[in-house]
1. Which order do peptides 12-18, 1-7, 47-53 fall in by mean Cβ count within 10 Å, highest first?
2. Just to confirm the number: angle between the C-alpha axis of helix 40-57 and the first principal axis of the chain, 0 to 90 degrees, nearest 10?
3. Treating the angle as unsigned and between 0 and 90°, give the value, to the nearest 10°, between the Cα long axis of helix 23-36 and the longest Cα principal axis of the chain.
4. Quick check: convex hull of the Cα atoms in the chain, volume per residue, rounded to a whole Å³?
């Protein structure tokens, strides 16, 4: 796993620990804020975190893991 992938994984897990089922909503708020500030590098990181969160929060049958 690359450093960037490790950072994404860590951020996604931290969001789940901190916000639980609201983690995606919280990430979406961060994404909107970064878009409004034109912070492209950070925005891309949080878009990747969101993708990882979706994988972590959803089982193959579409139900949340929690």
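Taken together, the values in this text are just the output of simple stated rules run on the coordinates, not laboratory data. This structure is a prediction, so every number in the text was calculated from the model and none was measured. Note that we place each Cβ from the backbone using ideal geometry, even for glycine, and neighbour counts take in every protein chain shown.
1. 47-53, 12-18, 1-7
2. Taking Cα atoms only, the helix is inclined about 0 degrees.
3. Between the helix axis and the principal axis of the chain, the angle is about 10 degrees.
4. Each residue corresponds to 80 Å³ of Cα convex hull volume.
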